[in-house]
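Each reported figure results from applying straightforward, stated rules to the coordinates on display, with no laboratory input. Here the structure is a predicted model, which means the values were calculated and not measured. All Cβ positions, even for glycine, are placed from backbone atoms using ideal geometry, and neighbour counts span all protein chains on display.
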Ligand code: HEC
C-alpha cells in the first residue's frame, strides 16, 4: 500500500477520498520496472526510480485529453491565449500543459487534486480569482484520470519529467511528516 495523506481536506466523502488514493496509486506504480522501489520505501532508499510511462495509458490519456481538456487547454497543450491575464469577470484562463506552463512544477498529488476537484479546490482559499476548471471526479474514471496526466507527462522532455517526479516525491514526503 502506498502511504499518502491529503494535505487539503476538501473531499466530501470517504468514498471520494478512497478514489483519490486509488488514482494516485495508479500513477505511481504504473508500469514500474520489477525490483524498483515504491514510495513505501521512500525513506529506506535514496531516490525511488521514476515509473516508466505506460504506452496504453498514454494512448487512452490522449483520447481523454482531446475530448475533455483540449477545448480549454488547447489541442497542442498550449493553453488559452494570454493565459497569464485574468478574464474580465476575474476568472483565470486555462494555462498550457506544455513546458511553457507550470503544470510540471507540481507533483502528482497537486495535479490530481486539480483534475479531481477542479476550481472547487479553491473554495475556501483567497487566490485572487475564480477558476472554471471542471471537477472530473464524477466525469472520468480512475483509469482515465491517471491516463490523462500520464499523456500530459509524455509530451515533456526527459529532463522536465525528471523534475516533475522530484516534485512528486517532495510532496509525498511532506505528506508523511
Ligand atoms: C472549462 C475549461 C477547462 C477544461 C475543460 C479543463 N480545464 Fe484544466 N484548468 C482550467 C483553468 C481555467 C485552470 C486554471 C485555474 C485552476 O488552476 O483551476 C485550469 C487548471 C488546470 C490544472 C492546474 C495547472 C497548474 O499548473 O496549476 C490542471 C492540472 C488541469 N487544469 C488539467 C486539466 C485536465 C487534465 C483537463 C481535462 C480532463 C482539464 N484541465 C480541463 C480550465 C479548464
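First measure r as the distance between the Cβ atoms of residue 99 and residue 17, then evaluate 1/(1 + (r/R0)^6) with R0 = 41 Å and state the FRET efficiency to the nearest 0.05.
Details: r = 32 Å, r/R0 = 0.78.
Approximately 0.80, to the nearest 0.05.
For region 55-176, what does the alpha-carbon gyration tensor say about shape, rounded, prolate or oblate, given a ≥ b ≥ c as the root eigenvalues, a/c under 1.5 as rounded, and a/b over b/c as prolate?
It is rounded, given that a/c, with a ≥ b ≥ c, falls under 1.5.
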In nm, the gap between the two label points placed 7 Å beyond Cα toward Cβ at residue 88 and residue 173 is 4.8
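Please compute the length gained on full extension between residue 56 and residue 123, using 0.36 nm multiplied by the number of residues separating them and subtracting their Cα-Cα distance. It would help to have the intermediate numbers written out before the result.
Numbers: separation 67, 0.36 × 67 = 24.12 nm, distance 3.45 nm.
Using 0.36 nm per residue and subtracting the Cα-Cα distance, I get 20.7 nm.
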Checked region 74-120 against the a/c 1.5 cut and the a/b vs b/c comparison, axes a ≥ b ≥ c from its Cα gyration tensor; verdict oblate
Between the alpha carbon centres of region 132-172 and region 86-116 the gap in Å comes to 11
A chain fully extended from residue 106 to residue 141 at 0.36 nm per residue, minus the present Cα-Cα distance, gains in nm 10.4 nm
